[in-house]
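The values are calculated or read from the model by the stated rules, or taken from the named source; none is laboratory data. This structure is a prediction, so every number in the text was calculated from the model and none was measured. Note that each Cβ is placed from the backbone with ideal geometry, even for glycine, and that neighbours are counted across all protein chains shown. Just so you know, the surface numbers come from the protein's heavy atoms only, side chains and all, with ligands and any DNA or RNA stripped out. Shrake-Rupley method; radii C 1.70, N 1.55, O 1.52, S 1.80 Å.
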Amino acid sequence: MPGTPVSPVSFINTEKAFRNKDDQELKRSLWLFRLLRNPFLVRVFSWLTIAALKLRLPVISAIKATIYRQFCAGETLTESLVVVKRLGRAGVGSILDYSVEGKKSEEDFERTRDEVMSIIAMAKGNPAIPYTSIKLSGLIRFSLLEKASANIRLNDVELAEFLRAMERAEAIFAAARKAEIPVYIDAEESWIQYAIDALAEEWMKKYNHERAVVLTTLQMYRWDRIDYLKKLIADARTENYFIGIKLVRGAYLEKENKRAAEMNYRSPIHASKEATDKDFDHAVDICLENIDIVTLCAGTHNENSTLHLVTKMKELGIPNDHAHVYFSQLYGMSDHITYNLADSGYNVTKYLPYGPVESTVPYLVRRAEENTAIAGQMGRELKLILEEKERRKTARMLLSGK
């Protein structure tokens, strides 16, 4: 139609989107996304998987061959490099994440610190790994973060444990600054997020004087995040340091609303998806308008929000490959967004979890449940895979002359 603006990037090219998948991998993804489209089957799968692991039933091989293979890179850092290199050849960076959750021992926390340090060492000078991420609950017990968030005084033993965790985090950030590899601190449940926010702010003030080394994450399904983002930027300008912001919609919606109802307080979550979408795009605008001090990572599978960001960049004259702007999608999802952005010259990454199969099950269950809950997500993934299967079939017929 005459006068209709041309989109700066298109997401309809399935040949680009699935060029890293052979026919067998495409078939496996098709089967899995059909499963994830059914909420009942997802609930049954989640319950059976957790129960089977608790009973020590031999299900690891089945998990690894299906949902693990779709959403995780490997059990070890070395194994994950195969995926990192494959993505890198397509112009897509990797956010390697040691995705081990629910651990409580000092030994586990030390192991997580060592893994993150190994990622940083591997990423140094490697454009295929532009940054990494951590969960603070992977370095310290959840209950201590919960107490700190509620301003509950820690006893002497807890305080010593908390300080050891802070030493682990400081070691990571010092290594990150030296290697010039940014580290994103993931957002978590709201009742521990207050402590995470406070710590992230202090670390940004300490480490971000020359560039954003420590970066924080804002879940935009929370109605208080726009004001918080404005506060972060104002503080950074006043105290003269850089900030890093990863924007996501949020990962704990049902848990947040359930807890708020049970404990009779106002839910921190927006009442509608439309309000979340509006705040996400508003946060994008705020970050781009302060791009001189803000490093932005837009973690989204939403095509409209992605187009909003690329359009706003064009309006503000921000180059596609500006060092302060990254896009990111989860490994195993939304390849049509990832690869088409990469082909248009944008900085784009895949969030790439790795770790022992049994330890990544909480992450995998969350992926399954979230994907089922996202309206249209599985239908879109299925539609694109089917289109690519048909395109390949037609291409083979043309080549064979039939």
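Taking a ≥ b ≥ c as the square roots of the eigenvalues of the Cα gyration tensor, an a/c ratio of 1.5 or more together with a/b no larger than b/c marks the stretch 14-89 as oblate. Expressed as a whole percent, the accessible area of the stretch 276-340 that falls on carbon and sulfur atoms is 48 (1.4 Å probe). Over the chain, the fraction of Cα-Cα pairs per 10 Å bin, rounded to whole percents and listed from the shortest bin up, is 4, 21, 33, 28, 10, 2, 1, 0. Ligands, DNA and RNA left out, the accessible area of the stretch 1-139 computed with a 1.4 Å probe is 58% carbon and sulfur.
Return the tail of the calculated pair distribution for the stretch 1-130, meaning the percent of Cα-Cα pairs more than 24 Å apart.
More than 24 Å apart: 50 percent of the Cα pairs in the stretch 1-130.
Once the convex hull of the C-alpha atoms of the stretch 76-136 is built, how many Å³ does it hold per residue, rounded to a whole number? Working shown, then result.
Numbers: hull volume 4.7 nm³, N = 61.
Expressed per residue, the convex hull around the Cα atoms of the stretch 76-136 is 77 Å³.
Along the axis of the charge dipole computed for the chain (Cβ charges of +1 for Lys and Arg, -1 for Asp and Glu, origin at the Cα centre), the listed residues ILE192, LEU364, LEU32 are led at the positive end by LEU32. Here the stretch 148-190 is described by how far its Cα atoms reach on the three principal axes: 36, 24, 10 Å, from widest to narrowest. Rolling a 1.4 angstrom probe over the protein heavy atoms with all chains in place gives the chain an accessible area of 47 Å² per residue.
With the Kirkwood sum run over all distinct C-alpha pairs, the stretch 109-224 has a hydrodynamic radius of 14.7 Å. With helices as the sole contributors, the chain gives -18000 deg cm²/dmol at 222 nm; each DSSP H run of n ≥ 4 counts as -39500 (n - 2.57), and the sum is divided by every residue. Each of MET333, SER400, ASN304 was placed along the dipole of the stretch 273-402 (beta-carbon charges, centred on the mean Cα), and the one lying farthest toward the positive end is SER400. In the context of the full protein assembly, LEU307 retains an accessible surface of approximately 50 Å², using a probe radius of 1.4 Å and ignoring ligands and nucleic acids. A Förster radius of 35 Å combined with the Cβ-Cβ distance from THR238 to THR78 puts the calculated FRET efficiency at roughly 0.20.
Annotation: peptides 32-38, 112-118, ranked by per-residue average of other Cβ atoms within 10 Å with the highest first, follow the order 112-118, 32-38. Which residues' amide hydrogens lie under 5 Å from the amide hydrogen of GLY244, considering only partners 5 or more residues apart or on another chain, with H built in the peptide plane? The answer is THR216, THR295. Temperature 10 °C, viscosity 1.306 mPa s: under these conditions the Stokes-Einstein estimate for the stretch 300-346, based on its Kirkwood radius over C-alpha pairs, is 144 µm² per second.
Translational D (Stokes-Einstein, µm²/s) of the stretch 165-264 at 25 °C and 0.890 mPa s when Rh comes from the Kirkwood sum over C-alpha pairs?
Details: Rh = 14.4 Å.
D, rounded to a whole number, is 170 µm²/s.
Residues LYS383, LYS312, LYS16, sorted by accessible area with the largest first, give LYS383, LYS16, LYS312 [1.4 Å probe; ligands and nucleic acids excluded].
When both bridge partners sit in the chain, DSSP labels roughly 5% of those beta bridges antiparallel. Here LEU41 and LYS230 are evaluated by their C-beta separation; at R0 = 56 Å the FRET efficiency comes out at 0.85. Within the stretch 58-161, all pairs of alpha-carbon atoms sorted by distance into 5 Å bins from zero give the percentages 2, 11, 17, 18, 16, 14, 9, 7, 5, 1, 0.
At a 1.4 Å probe radius, which order do GLU25, GLU239, GLU188 fall into by accessible area, largest first? Present the calculation step by step, with values, prior to reporting the outcome.
On the way: GLU25 35, GLU239 95, GLU188 5 Å².
The ranking, largest first, comes out as GLU239, GLU25, GLU188.
Here the convex hull built on the C-alpha positions of the stretch 105-161 has a volume of 88 cubic angstrom per residue.
Across the stretch 112-119, coupling constants 3J(HN,Hα) worked out from phi with the 6.51/-1.76/1.60 Karplus curve, θ = phi - 60°, read 4, 4, 5, 5, 5, 4, 5, 4 Hz, and Gly and Pro carry x.
Give me the orientation-averaged projected area of the Cα convex hull of the stretch 225-350, in nm², one decimal. Can you show the working numbers first?
Numbers: hull surface 34.7 nm².
Its average projected convex-hull area is 8.7 nm².
With the cut-off at 1.5 for a/c, could you classify the stretch 298-397 from its C-alpha gyration tensor as rounded, prolate or oblate? If you can, show how the numbers build up before the last one.
Numbers: a/c = 1.85, a/b = 1.19, b/c = 1.56.
In terms of gyration-tensor shape, oblate.
The mean sequence distance of close C-alpha pairs (under 8 Å, at least 6 residues apart), as a share of the length of the chain, puts its relative contact order at 25 percent.
Ordering PHE280, PHE162 by accessible surface, largest first, gives PHE162, PHE280; the 1.4 Å probe counts only protein heavy atoms, with every chain in place. Rounded to whole numbers, the Karplus 3J(HN,Hα) couplings from phi for the stretch 62-68 are 5, 5, 5, 7, 10, 5, 4 Hz, using 6.51 cos²θ - 1.76 cosθ + 1.60 with θ = phi - 60°, and x at Gly and Pro. Using R0 = 56 Å, the C-beta based FRET efficiency linking VAL157 and ARG19 works out to 0.55.
I want the local charge near LYS205. Using Cβ-Cβ distances under 12 Å, sum +1 for each Lys or Arg and -1 for each Asp or Glu among the other residues.
Working: positive: LYS206; negative: GLU201, GLU202, ASP235, GLU239.
Net charge around LYS205: -3.
To the nearest 10, the accessible area of ASP281 is 40 Å² with a 1.4 Å probe.
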